[in-house]
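The values are calculated or read from the model by the stated rules, or taken from the named source; none is laboratory data. Source: prediction; values computed, not measured. Cβ atoms come from the backbone with ideal geometry, glycine included; neighbour counts cover every protein chain shown. Protein only, heavy atoms only, side chains kept; ligands, DNA and RNA dropped before computing areas. Shrake-Rupley method; radii C 1.70, N 1.55, O 1.52, S 1.80 Å.
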Amino acid sequence: MHTKTIAQLIEGLRSKEFSSVELTRHYLQRIKERDGTYNSYITVTEEAALAQAEAADQRLAAGDDSPLCGVPIAHKDIFCTTGIRTSCGSKMLDNFIAPYDATIVENYQKAGAVMLGKTNMDEFAMGSSNETSYYGPVKNPWNTNCVPGGSSGGSAAAVAALLAPAATASDTGGSIRQPAALCNLTGLKPTYGRVSRWGMIAFASSLDQAGTLTRTAEDSAIMLNAMASFDAKDSTCVDQPLEDYTAGLSNSLQGLTIGIPEEYFGEGLNPQTAERVQAAIKVYESLGATTKSISLPHTHLAVPAYYVIAPAECSANLSRFDGVRYGHRCDDPKDLADLYKRSRGEGFGDEVKRRILVGTYALSAGYYDAYYNKAQQVRRLIKQDFVDAFNQVDVVLGPTSPSPAFEFGAKSDDPVAMYLEDIYTIATNLAGLPGLSIPCGMVDNKPVGLQLIGNYFAEGKLLNVAHQFQLATDFHQQLAPETA
Ligand code: GLN
(Lines give C-alpha, C1' and ligand atoms only; values in the text may rest on other atoms or scores of the structure.)
Protein backbone atom coordinates (compact mmCIF):
# COMPACT_ATOMS: atom_id res chain seq x y z
CA MET A 1 0.00 0.00 0.00
CA HIS A 2 2.79 2.41 0.92
CA THR A 3 4.24 2.56 -2.60
CA LYS A 4 0.98 3.95 -3.95
CA THR A 5 0.54 7.60 -4.81
CA ILE A 6 -2.38 9.54 -3.39
CA ALA A 7 -4.23 9.19 -6.69
CA GLN A 8 -3.82 5.39 -6.40
CA LEU A 9 -4.79 5.35 -2.72
CA ILE A 10 -7.99 7.21 -3.56
CA GLU A 11 -8.84 4.49 -6.09
CA GLY A 12 -8.00 1.74 -3.59
CA LEU A 13 -10.24 3.28 -0.93
CA ARG A 14 -13.14 3.77 -3.37
CA SER A 15 -12.90 0.25 -4.77
CA LYS A 16 -12.71 -1.11 -1.20
CA GLU A 17 -9.34 -2.74 -1.85
CA PHE A 18 -8.52 -1.52 1.67
CA SER A 19 -10.21 0.66 4.28
CA SER A 20 -8.87 3.88 5.73
CA VAL A 21 -8.36 2.11 9.07
CA GLU A 22 -6.25 -0.60 7.38
CA LEU A 23 -4.26 1.98 5.47
CA THR A 24 -3.70 4.16 8.53
CA ARG A 25 -2.64 1.15 10.64
CA HIS A 26 -0.19 0.17 7.93
CA TYR A 27 1.46 3.61 7.95
CA LEU A 28 1.52 3.79 11.76
CA GLN A 29 3.24 0.39 11.82
CA ARG A 30 5.84 1.52 9.28
CA ILE A 31 6.52 4.67 11.27
CA LYS A 32 7.03 2.58 14.41
CA GLU A 33 9.41 0.18 12.69
CA ARG A 34 11.38 2.63 10.58
CA ASP A 35 11.34 6.19 11.82
CA GLY A 36 14.06 5.44 14.36
CA THR A 37 16.40 5.69 11.35
CA TYR A 38 15.12 8.98 9.93
CA ASN A 39 13.66 10.95 12.86
CA SER A 40 11.09 12.46 10.50
CA TYR A 41 8.25 12.72 13.03
CA ILE A 42 8.25 14.72 16.26
CA THR A 43 4.82 13.45 17.34
CA VAL A 44 2.83 10.48 16.05
CA THR A 45 -0.89 10.83 16.77
CA GLU A 46 -1.83 7.18 16.65
CA GLU A 47 -5.11 7.23 18.55
CA ALA A 48 -6.49 10.34 16.86
CA ALA A 49 -5.42 8.96 13.47
CA LEU A 50 -7.33 5.72 13.98
CA ALA A 51 -10.42 7.61 15.16
CA GLN A 52 -10.25 9.87 12.09
CA ALA A 53 -9.77 6.83 9.85
CA GLU A 54 -12.87 5.16 11.31
CA ALA A 55 -14.88 8.33 10.72
CA ALA A 56 -13.53 8.50 7.16
CA ASP A 57 -14.55 4.89 6.51
CA GLN A 58 -18.09 5.78 7.58
CA ARG A 59 -18.07 8.79 5.28
CA LEU A 60 -16.84 6.64 2.40
CA ALA A 61 -19.51 4.02 3.09
CA ALA A 62 -22.12 6.79 2.96
CA GLY A 63 -20.85 7.78 -0.51
CA ASP A 64 -18.75 10.84 0.43
CA ASP A 65 -17.08 12.17 -2.70
CA SER A 66 -14.32 14.29 -1.12
CA PRO A 67 -11.18 12.94 -2.87
CA LEU A 68 -8.90 12.92 0.18
CA CYS A 69 -11.42 11.17 2.43
CA GLY A 70 -9.57 8.43 4.30
CA VAL A 71 -6.09 9.32 2.97
CA PRO A 72 -3.42 9.60 5.69
CA ILE A 73 -1.12 12.64 5.62
CA ALA A 74 1.40 14.28 7.96
CA HIS A 75 1.57 17.92 9.00
CA LYS A 76 4.75 19.93 9.50
CA ASP A 77 5.01 20.81 13.18
CA ILE A 78 4.66 24.50 12.32
CA PHE A 79 0.87 24.14 11.93
CA CYS A 80 -1.26 24.43 15.06
CA THR A 81 -3.27 21.34 15.90
CA THR A 82 -5.88 21.38 18.67
CA GLY A 83 -4.88 19.41 21.74
CA ILE A 84 -1.62 18.23 20.19
CA ARG A 85 1.86 19.61 20.80
CA THR A 86 2.92 22.13 18.16
CA SER A 87 6.64 22.61 18.77
CA CYS A 88 7.93 24.34 15.61
CA GLY A 89 11.09 22.27 16.21
CA SER A 90 11.97 24.41 19.24
CA LYS A 91 12.56 23.87 22.94
CA MET A 92 10.63 27.13 23.31
CA LEU A 93 7.39 25.38 22.28
CA ASP A 94 8.17 21.88 23.53
CA ASN A 95 5.35 22.26 26.05
CA PHE A 96 2.91 24.10 23.77
CA ILE A 97 -0.44 22.42 23.14
CA ALA A 98 -2.25 24.45 20.51
CA PRO A 99 -5.77 25.56 21.47
CA TYR A 100 -6.92 25.71 17.82
CA ASP A 101 -6.31 24.26 14.38
CA ALA A 102 -4.51 26.09 11.59
CA THR A 103 -6.91 26.79 8.71
CA ILE A 104 -5.12 24.34 6.45
CA VAL A 105 -5.32 21.62 9.13
CA GLU A 106 -9.03 22.29 9.37
CA ASN A 107 -9.35 22.21 5.57
CA TYR A 108 -7.76 18.75 5.43
CA GLN A 109 -9.92 17.57 8.28
CA LYS A 110 -13.05 18.72 6.47
CA ALA A 111 -11.79 16.89 3.39
CA GLY A 112 -11.64 13.70 5.48
CA ALA A 113 -7.84 13.29 5.42
CA VAL A 114 -6.32 11.44 8.38
CA MET A 115 -3.46 13.05 10.32
CA LEU A 116 -0.65 10.57 11.10
CA GLY A 117 1.39 13.05 13.13
CA LYS A 118 3.57 16.15 13.15
CA THR A 119 6.85 16.22 11.27
CA ASN A 120 10.29 17.38 12.32
CA MET A 121 11.71 20.67 11.03
CA ASP A 122 14.47 23.21 11.52
CA GLU A 123 13.78 25.33 14.58
CA PHE A 124 11.15 27.95 13.66
CA ALA A 125 11.69 26.94 10.00
CA MET A 126 15.12 28.59 9.91
CA GLY A 127 17.56 26.44 8.01
CA SER A 128 18.25 24.47 4.85
CA SER A 129 19.38 21.17 6.31
CA ASN A 130 17.09 20.20 9.18
CA GLU A 131 20.06 20.17 11.57
CA THR A 132 18.73 22.90 13.90
CA SER A 133 15.72 21.05 15.33
CA TYR A 134 15.51 20.72 19.11
CA TYR A 135 14.41 17.13 18.39
CA GLY A 136 17.59 16.24 16.52
CA PRO A 137 18.52 16.15 12.85
CA VAL A 138 16.45 14.38 10.20
CA LYS A 139 18.23 11.88 7.92
CA ASN A 140 17.84 11.75 4.17
CA PRO A 141 16.27 8.39 3.17
CA TRP A 142 18.47 8.37 0.03
CA ASN A 143 21.64 8.50 2.07
CA THR A 144 21.44 8.61 5.84
CA ASN A 145 24.84 10.35 6.13
CA CYS A 146 23.28 13.31 4.35
CA VAL A 147 20.79 16.01 5.24
CA PRO A 148 17.25 15.87 3.79
CA GLY A 149 17.27 19.64 3.23
CA GLY A 150 15.30 22.09 5.28
CA SER A 151 13.42 23.47 6.89
CA SER A 152 10.64 20.99 5.95
CA GLY A 153 13.11 18.08 6.18
CA GLY A 154 10.84 15.96 8.37
CA SER A 155 7.94 16.23 5.92
CA ALA A 156 10.27 15.40 3.02
CA ALA A 157 11.96 12.44 4.74
CA ALA A 158 8.59 11.05 5.86
CA VAL A 159 7.24 11.08 2.28
CA ALA A 160 10.51 9.85 0.71
CA ALA A 161 10.75 6.99 3.25
CA LEU A 162 7.10 6.12 2.50
CA LEU A 163 6.06 6.89 6.08
CA ALA A 164 3.29 9.17 4.75
CA PRO A 165 1.86 9.47 1.23
CA ALA A 166 2.06 13.28 1.44
CA ALA A 167 2.85 15.99 3.94
CA THR A 168 2.21 19.67 4.43
CA ALA A 169 5.18 22.01 4.62
CA SER A 170 6.07 25.70 4.58
CA ASP A 171 8.38 27.75 2.40
CA THR A 172 9.80 31.14 3.41
CA GLY A 173 12.88 31.02 1.20
CA GLY A 174 12.94 27.52 -0.22
CA SER A 175 11.91 25.17 2.58
CA ILE A 176 9.51 23.13 0.46
CA ARG A 177 11.38 23.08 -2.84
CA GLN A 178 14.90 22.49 -1.50
CA PRO A 179 14.05 19.38 0.58
CA ALA A 180 11.88 18.16 -2.33
CA ALA A 181 14.97 18.39 -4.54
CA LEU A 182 17.22 16.61 -2.03
CA CYS A 183 14.69 13.80 -1.38
CA ASN A 184 13.36 13.18 -4.94
CA LEU A 185 9.91 14.64 -4.32
CA THR A 186 7.49 17.08 -5.86
CA GLY A 187 7.35 20.20 -3.66
CA LEU A 188 4.90 23.01 -4.33
CA LYS A 189 5.02 26.50 -2.84
CA PRO A 190 1.86 28.30 -3.95
CA THR A 191 1.50 32.03 -4.68
CA TYR A 192 1.71 34.17 -1.53
CA GLY A 193 -1.90 34.58 -0.39
CA ARG A 194 -3.31 31.48 -2.13
CA VAL A 195 -3.20 29.45 1.09
CA SER A 196 -4.11 30.73 4.55
CA ARG A 197 -1.29 31.36 7.01
CA TRP A 198 -3.66 31.38 9.96
CA GLY A 199 -2.36 29.00 12.62
CA MET A 200 1.00 28.57 10.87
CA ILE A 201 3.62 29.76 13.34
CA ALA A 202 5.08 32.93 11.85
CA PHE A 203 8.74 33.20 10.84
CA ALA A 204 8.77 36.03 8.23
CA SER A 205 5.14 36.90 7.55
CA SER A 206 5.60 38.58 4.16
CA LEU A 207 7.43 35.51 2.82
CA ASP A 208 5.91 32.47 4.60
CA GLN A 209 3.63 30.28 2.54
CA ALA A 210 2.21 26.80 3.19
CA GLY A 211 2.41 24.11 0.54
CA THR A 212 2.88 20.39 0.00
CA LEU A 213 5.42 17.61 -0.43
CA THR A 214 4.22 14.66 -2.49
CA ARG A 215 5.65 12.04 -4.86
CA THR A 216 3.92 13.35 -8.00
CA ALA A 217 2.56 16.58 -9.47
CA GLU A 218 -0.86 14.97 -9.73
CA ASP A 219 -0.79 14.35 -5.97
CA SER A 220 0.25 17.99 -5.40
CA ALA A 221 -2.80 19.11 -7.37
CA ILE A 222 -5.09 16.91 -5.27
CA MET A 223 -3.49 18.21 -2.06
CA LEU A 224 -3.67 21.86 -3.15
CA ASN A 225 -7.36 21.50 -4.00
CA ALA A 226 -8.05 20.78 -0.33
CA MET A 227 -5.48 23.18 1.12
CA ALA A 228 -6.28 26.40 -0.76
CA SER A 229 -9.11 28.58 0.48
CA PHE A 230 -9.91 32.19 1.13
CA ASP A 231 -9.61 32.86 4.83
CA ALA A 232 -10.77 36.12 6.39
CA LYS A 233 -8.61 35.30 9.43
CA ASP A 234 -5.46 35.90 7.35
CA SER A 235 -5.54 39.46 6.03
CA THR A 236 -2.98 38.62 3.33
CA CYS A 237 -5.05 35.70 2.01
CA VAL A 238 -6.31 36.60 -1.46
CA ASP A 239 -9.98 36.23 -2.31
CA GLN A 240 -9.40 34.55 -5.64
CA PRO A 241 -11.85 31.95 -7.04
CA LEU A 242 -10.81 28.39 -6.21
CA GLU A 243 -9.88 26.18 -9.13
CA ASP A 244 -9.68 22.45 -9.63
CA TYR A 245 -5.91 22.08 -9.95
CA THR A 246 -6.25 18.59 -11.45
CA ALA A 247 -8.36 19.89 -14.37
CA GLY A 248 -5.51 21.11 -16.59
CA LEU A 249 -2.92 18.42 -15.83
CA SER A 250 -3.28 16.72 -19.22
CA ASN A 251 -3.03 19.88 -21.32
CA SER A 252 -0.46 19.66 -24.08
CA LEU A 253 2.73 21.73 -23.80
CA GLN A 254 2.65 22.67 -27.49
CA GLY A 255 3.18 26.40 -27.70
CA LEU A 256 4.49 26.74 -24.14
CA THR A 257 7.44 29.11 -23.76
CA ILE A 258 9.92 28.28 -21.02
CA GLY A 259 12.35 30.95 -19.84
CA ILE A 260 15.85 29.83 -18.84
CA PRO A 261 17.48 32.52 -16.68
CA GLU A 262 21.18 32.79 -17.47
CA GLU A 263 21.86 33.80 -13.83
CA TYR A 264 20.69 30.36 -12.63
CA PHE A 265 23.46 28.52 -14.47
CA GLY A 266 26.51 30.49 -13.37
CA GLU A 267 29.23 29.97 -10.80
CA GLY A 268 28.33 27.88 -7.77
CA LEU A 269 26.14 25.39 -9.64
CA ASN A 270 27.42 21.82 -9.45
CA PRO A 271 28.28 20.84 -13.08
CA GLN A 272 26.53 17.48 -12.84
CA THR A 273 23.40 19.12 -11.43
CA ALA A 274 23.55 21.52 -14.38
CA GLU A 275 23.75 18.55 -16.80
CA ARG A 276 20.60 16.97 -15.34
CA VAL A 277 18.73 20.26 -15.64
CA GLN A 278 19.94 20.72 -19.24
CA ALA A 279 18.71 17.20 -20.04
CA ALA A 280 15.30 18.13 -18.58
CA ILE A 281 15.17 21.14 -20.91
CA LYS A 282 15.61 18.73 -23.85
CA VAL A 283 12.67 16.67 -22.55
CA TYR A 284 10.51 19.79 -22.59
CA GLU A 285 11.60 20.60 -26.13
CA SER A 286 10.60 17.09 -27.18
CA LEU A 287 7.17 17.74 -25.62
CA GLY A 288 6.62 20.73 -27.89
CA ALA A 289 7.73 23.59 -25.63
CA THR A 290 10.08 26.28 -26.85
CA THR A 291 12.84 27.61 -24.63
CA LYS A 292 14.12 31.13 -24.46
CA SER A 293 17.14 32.49 -22.64
CA ILE A 294 16.14 35.27 -20.25
CA SER A 295 17.81 37.43 -17.65
CA LEU A 296 16.78 38.02 -14.04
CA PRO A 297 19.45 40.67 -13.46
CA HIS A 298 18.96 41.16 -9.71
CA THR A 299 19.28 37.47 -8.82
CA HIS A 300 22.62 38.01 -7.02
CA LEU A 301 20.88 40.40 -4.59
CA ALA A 302 18.16 37.96 -3.52
CA VAL A 303 20.10 36.19 -0.76
CA PRO A 304 21.46 39.41 0.82
CA ALA A 305 18.02 41.11 0.68
CA TYR A 306 16.33 38.04 2.15
CA TYR A 307 18.83 37.81 5.00
CA VAL A 308 17.88 41.33 6.06
CA ILE A 309 14.10 41.09 5.54
CA ALA A 310 13.53 37.59 6.94
CA PRO A 311 15.52 38.18 10.17
CA ALA A 312 13.87 41.61 10.60
CA GLU A 313 10.41 40.06 10.42
CA CYS A 314 11.46 37.12 12.59
CA SER A 315 12.82 39.42 15.29
CA ALA A 316 9.38 41.04 15.50
CA ASN A 317 7.41 37.78 15.26
CA LEU A 318 9.49 35.94 17.84
CA SER A 319 9.26 38.74 20.40
CA ARG A 320 6.00 37.11 21.56
CA PHE A 321 7.98 34.25 23.11
CA ASP A 322 8.77 36.02 26.36
CA GLY A 323 8.20 33.34 28.98
CA VAL A 324 5.01 35.06 30.11
CA ARG A 325 2.16 33.93 27.90
CA TYR A 326 3.14 30.50 26.66
CA GLY A 327 6.18 28.47 25.77
CA HIS A 328 9.33 27.89 27.79
CA ARG A 329 9.72 29.77 31.09
CA CYS A 330 12.97 29.71 33.05
CA ASP A 331 13.00 28.54 36.68
CA ASP A 332 12.92 31.09 39.54
CA PRO A 333 13.28 34.38 37.66
CA LYS A 334 14.73 37.18 39.82
CA ASP A 335 12.75 39.91 38.07
CA LEU A 336 11.00 40.60 34.77
CA ALA A 337 14.20 41.29 32.82
CA ASP A 338 15.71 38.05 34.13
CA LEU A 339 12.54 36.17 33.11
CA TYR A 340 12.77 37.50 29.55
CA LYS A 341 16.49 36.97 29.21
CA ARG A 342 16.72 33.47 30.59
CA SER A 343 13.45 32.17 29.07
CA ARG A 344 14.54 33.33 25.62
CA GLY A 345 18.18 32.39 26.18
CA GLU A 346 17.25 28.84 27.18
CA GLY A 347 14.32 28.37 24.78
CA PHE A 348 15.92 29.39 21.48
CA GLY A 349 18.76 27.64 19.66
CA ASP A 350 21.81 29.32 18.09
CA GLU A 351 20.46 29.89 14.57
CA VAL A 352 17.25 31.47 15.88
CA LYS A 353 19.27 33.74 18.16
CA ARG A 354 21.52 34.74 15.26
CA ARG A 355 18.47 35.74 13.19
CA ILE A 356 16.90 37.71 16.05
CA LEU A 357 20.16 39.60 16.57
CA VAL A 358 20.60 40.38 12.87
CA GLY A 359 16.96 41.43 12.55
CA THR A 360 16.94 43.63 15.61
CA TYR A 361 20.09 45.32 14.38
CA ALA A 362 18.68 45.91 10.89
CA LEU A 363 15.52 47.46 12.32
CA SER A 364 17.18 49.70 14.89
CA ALA A 365 17.12 53.47 14.54
CA GLY A 366 20.03 54.60 12.38
CA TYR A 367 20.27 51.30 10.49
CA TYR A 368 16.69 50.92 9.35
CA ASP A 369 17.17 53.00 6.18
CA ALA A 370 20.58 51.56 5.39
CA TYR A 371 19.52 47.92 5.70
CA TYR A 372 15.80 47.25 5.97
CA ASN A 373 14.56 49.95 3.59
CA LYS A 374 17.32 49.21 1.12
CA ALA A 375 16.47 45.49 1.19
CA GLN A 376 12.81 46.31 0.51
CA GLN A 377 13.85 48.40 -2.50
CA VAL A 378 15.93 45.52 -3.80
CA ARG A 379 12.94 43.24 -3.28
CA ARG A 380 10.92 45.47 -5.58
CA LEU A 381 13.59 45.19 -8.28
CA ILE A 382 13.63 41.40 -7.95
CA LYS A 383 9.88 41.31 -8.37
CA GLN A 384 10.16 43.53 -11.46
CA ASP A 385 12.66 41.09 -13.01
CA PHE A 386 9.97 38.40 -12.87
CA VAL A 387 7.20 40.72 -14.11
CA ASP A 388 9.39 41.47 -17.16
CA ALA A 389 10.18 37.77 -17.62
CA PHE A 390 6.52 36.74 -17.55
CA ASN A 391 5.81 39.24 -20.32
CA GLN A 392 7.92 36.98 -22.54
CA VAL A 393 7.56 33.44 -21.18
CA ASP A 394 4.97 31.19 -19.49
CA VAL A 395 7.19 29.56 -16.89
CA VAL A 396 10.76 29.98 -15.68
CA LEU A 397 12.96 26.87 -15.34
CA GLY A 398 16.22 26.28 -13.49
CA PRO A 399 17.88 24.15 -10.83
CA THR A 400 16.24 24.05 -7.37
CA SER A 401 19.42 23.70 -5.39
CA PRO A 402 23.08 24.27 -6.34
CA SER A 403 24.09 20.68 -5.52
CA PRO A 404 22.64 17.40 -4.23
CA ALA A 405 22.30 16.55 -0.51
CA PHE A 406 25.43 17.28 1.57
CA GLU A 407 26.75 15.47 4.63
CA PHE A 408 25.80 16.40 8.18
CA GLY A 409 27.98 19.16 9.54
CA ALA A 410 29.30 20.17 6.10
CA LYS A 411 27.80 23.67 6.30
CA SER A 412 26.64 24.07 9.88
CA ASP A 413 29.69 26.08 10.97
CA ASP A 414 29.41 28.43 8.01
CA PRO A 415 26.07 30.26 7.99
CA VAL A 416 26.82 31.97 4.67
CA ALA A 417 27.48 28.64 2.89
CA MET A 418 24.18 27.39 4.34
CA TYR A 419 22.33 30.54 3.25
CA LEU A 420 23.59 30.09 -0.33
CA GLU A 421 21.75 26.75 -0.51
CA ASP A 422 18.62 28.79 -1.28
CA ILE A 423 20.14 30.99 -3.95
CA TYR A 424 17.68 29.77 -6.64
CA THR A 425 14.58 29.58 -4.45
CA ILE A 426 14.61 32.78 -2.39
CA ALA A 427 13.76 35.26 -5.17
CA THR A 428 10.43 33.48 -5.69
CA ASN A 429 9.43 34.22 -2.09
CA LEU A 430 10.60 37.83 -2.31
CA ALA A 431 8.35 38.22 -5.38
CA GLY A 432 5.47 36.18 -3.89
CA LEU A 433 5.36 33.82 -6.90
CA PRO A 434 4.49 30.11 -6.98
CA GLY A 435 7.37 27.65 -7.38
CA LEU A 436 7.69 23.92 -7.67
CA SER A 437 10.48 21.36 -7.60
CA ILE A 438 10.35 17.99 -9.36
CA PRO A 439 12.87 15.15 -9.64
CA CYS A 440 15.10 15.26 -12.76
CA GLY A 441 17.78 12.64 -12.18
CA MET A 442 20.57 11.52 -9.89
CA VAL A 443 24.14 12.55 -9.16
CA ASP A 444 26.16 9.98 -7.15
CA ASN A 445 22.88 8.21 -6.24
CA LYS A 446 21.47 11.43 -4.82
CA PRO A 447 18.41 13.16 -6.29
CA VAL A 448 18.51 16.39 -8.29
CA GLY A 449 15.59 18.82 -8.41
CA LEU A 450 14.29 20.87 -11.32
CA GLN A 451 12.61 24.13 -10.37
CA LEU A 452 9.67 25.66 -12.22
CA ILE A 453 8.47 29.15 -11.32
CA GLY A 454 5.09 30.44 -12.48
CA ASN A 455 3.30 33.75 -12.71
CA TYR A 456 0.96 34.83 -9.89
CA PHE A 457 -1.80 32.25 -9.31
CA ALA A 458 -0.49 30.05 -12.12
CA GLU A 459 -0.32 26.96 -9.90
CA GLY A 460 -2.52 25.10 -12.40
CA LYS A 461 -0.08 25.82 -15.23
CA LEU A 462 2.93 24.83 -13.10
CA LEU A 463 1.32 21.54 -12.12
CA ASN A 464 0.44 20.85 -15.76
CA VAL A 465 4.03 21.52 -16.85
CA ALA A 466 5.33 19.28 -14.04
CA HIS A 467 2.82 16.50 -14.71
CA GLN A 468 3.68 16.36 -18.42
CA PHE A 469 7.36 15.95 -17.49
CA GLN A 470 6.43 13.12 -15.13
CA LEU A 471 4.44 11.38 -17.88
CA ALA A 472 7.55 11.48 -20.07
CA THR A 473 10.14 10.47 -17.43
CA ASP A 474 10.40 8.10 -14.49
CA PHE A 475 12.76 10.00 -12.13
CA HIS A 476 9.88 10.65 -9.71
CA GLN A 477 9.09 6.93 -9.54
CA GLN A 478 12.49 6.01 -8.15
CA LEU A 479 12.26 5.18 -4.48
CA ALA A 480 14.90 5.67 -1.81
CA PRO A 481 16.84 2.48 -0.95
CA GLU A 482 15.27 0.12 1.58
CA THR A 483 11.92 1.89 1.58
CA ALA A 484 9.77 -0.29 -0.69
N1 GLN B 1 16.73 28.37 4.29
C2 GLN B 1 16.03 29.60 4.42
C3 GLN B 1 16.21 30.13 5.81
O4 GLN B 1 16.93 29.55 6.54
C5 GLN B 1 14.58 29.40 4.11
C6 GLN B 1 13.82 28.73 5.19
C7 GLN B 1 12.38 28.55 4.87
O8 GLN B 1 11.97 28.59 3.71
N9 GLN B 1 11.57 28.38 5.91
O10 GLN B 1 15.67 31.12 6.20
query = So what J values fall out for segment 256-271 if you push phi through Karplus, 6.51 cos²θ - 1.76 cosθ + 1.60 with θ = phi - 60°, rounded to Hz, Gly and Pro as x?
reply = 6, 10, 10, x, 10, x, 4, 5, 8, 10, x, 4, x, 8, 4, x
ask   = How big is the antiparallel share of DSSP beta bridges in segment 145-303, given as a percent to the nearest 5?
value = 60
query = Where does the charge balance sit around Lys32 when Lys and Arg score +1, Asp and Glu -1, over other residues with C-beta under 13 Å from its C-beta?
reply = 0
inquiry  = Given a 1.4 Å probe and heavy atoms of the protein chains only, how would you sort Tyr326, Tyr108, largest accessible area at the top?
reply    = Tyr326, Tyr108
message = Charges on Cβ only, +1 for Lys and Arg, -1 for Asp and Glu, centred on the Cα centroid of segment 352-456; of Phe390, Ile426, Val352, which one is farthest towards the dipole's positive end?
response = Val352
key: Exposure of Tyr456 as accessible area (Å², to 10), given a probe of 1.4 Å and all protein chains   = 80
At most 11 other Cβ within 10 Å, DSSP loop - trypsin sites (Lys or Arg not before Pro), segment 275-350 = Arg325, Lys334
ask   = So what are the three principal axis dimensions of segment 151-216 from its Cα atoms, in whole Å, longest to shortest?
value = 31, 19, 18
query = At what distance in nm do the modelled label points of Leu242 and Asp474 sit from each other, each positioned 7 Å from its Cα along Cα→Cβ?
reply = 3.7
ask   = By a straight-distance test (C-alpha under 17 Å), which lysines pair with Lys189 as possible cross-link partners, with residues fewer than eight away in the same chain excluded?
value = Lys76, Lys383, Lys461
query = Which value, in debye to the nearest 20, describes the size of the charge dipole of segment 330-484 about its Cα centre when Lys and Arg Cβ atoms bear +1, Asp and Glu Cβ atoms bear -1, and nothing else is charged?
reply = 540
request  = Label segment 173-298 by shape, choosing from rounded, prolate and oblate, from the square roots a ≥ b ≥ c of the eigenvalues of the Cα gyration tensor; if a/c is under 1.5 it is rounded, and otherwise prolate applies when a/b is larger than b/c, oblate when it is not.
outcome  = prolate
ask   = Per residue, how many Å² of accessible area does the chain show with a 1.4 Å probe?
value = 36
task = Give me the number: length gained by fully extending Met1 to Leu287, i.e. 0.36 nm times residue separation minus the C-alpha to C-alpha distance, one decimal in nm.
result = 99.8 nm
5 Å binning of all Cα-Cα separations within segment 98-186, expressed as whole percents from 0 upward = 3, 17, 25, 23, 18, 10, 3, 1
inquiry  = With equal scatterers on the alpha carbons only and no solvent term, can you work out the Debye log10 of I(q)/I(0) for the chain at 0.06, 0.07, 0.10 1/Å?
reply    = -0.24, -0.32, -0.68
inquiry  = If you take every residue apart from Ile176 with its C-beta less than 10 Å away from the C-beta of Ile176, what net charge results, scoring Lys and Arg +1 and Asp and Glu -1?
reply    = +2
ask   = Convex hull over the Cα atoms of segment 213-360, averaged projected area in nm²?
value = 14.0
query = Which percent, to the nearest 5, of DSSP beta bridges fully inside the chain are antiparallel?
reply = 70
message = With the crude spin-label approximation of a point 7 Å out along Cα→Cβ, what separation in nm comes out for Arg354 versus Phe408?
response = 1.9
ask   = For Leu397, Leu269, what's the largest-to-smallest order of accessible area, 1.4 Å probe?
value = Leu269, Leu397
key: Listed residues Cys80, Ser66, Ser90: farthest to the positive end of the dipole of segment 31-97 (Cβ charges)   = Ser90
ask   = So what's the back-of-envelope 222 nm ellipticity for the chain, counting only DSSP H runs of four-plus at -39500 (n - 2.57) apiece and dividing by all residues, rounded to 500?
value = -11000 deg cm²/dmol
query = Using the Karplus equation 6.51 cos²θ - 1.76 cosθ + 1.60 (θ = phi - 60°), what ³J(HN,Hα) coupling, rounded to whole Hz, does each residue of segment 466-480 give in order, writing x for Gly and Pro?
reply = 6, 5, 4, 5, 6, 6, 8, 9, 10, 4, 5, 8, 6, 9, 4
query = Magnitude of the Cβ-charge dipole of segment 275-392, K/R +1 and D/E -1, about the Cα centre, nearest 20 debye?
reply = 140
Candidate aspartates and glutamates - alpha carbon under 19 Å from Lys32, same-chain residues fewer than 8 apart omitted = Glu22, Glu46, Glu47, Asp77, Glu482
message = With a 1.4 Å probe and all protein chains kept in place, how much accessible area does Cys440 have, in Å² rounded to the nearest 10?
response = 0
query = When the Karplus curve 6.51 cos²θ - 1.76 cosθ + 1.60 is applied with θ = phi - 60°, which whole-Hz ³J(HN,Hα) does each residue of segment 154-169 get, with x for Gly and Pro?
reply = x, 4, 5, 5, 4, 6, 5, 8, 6, 9, 6, x, 6, 8, 7, 7
task = Note down the magnitude of the dipole of the chain about its Cα centre, charges +1 on Lys and Arg C-beta and -1 on Asp and Glu C-beta and zero elsewhere, to the nearest 20 debye.
result = 340
task = Tell me, rounded to the nearest percent, the portion of alpha carbon pairs in segment 421-484 spaced more than 20 Å apart.
result = 38
note = Ignoring ligands and nucleic acids, Ile423 exposes an accessible area, probe 1.4 Å, in Å² to the nearest 10, of 50
inquiry  = Which order do you get for Asp57, Asp65 if you rank them by accessible area with a 1.4 Å probe, largest at the top?
reply    = Asp65, Asp57
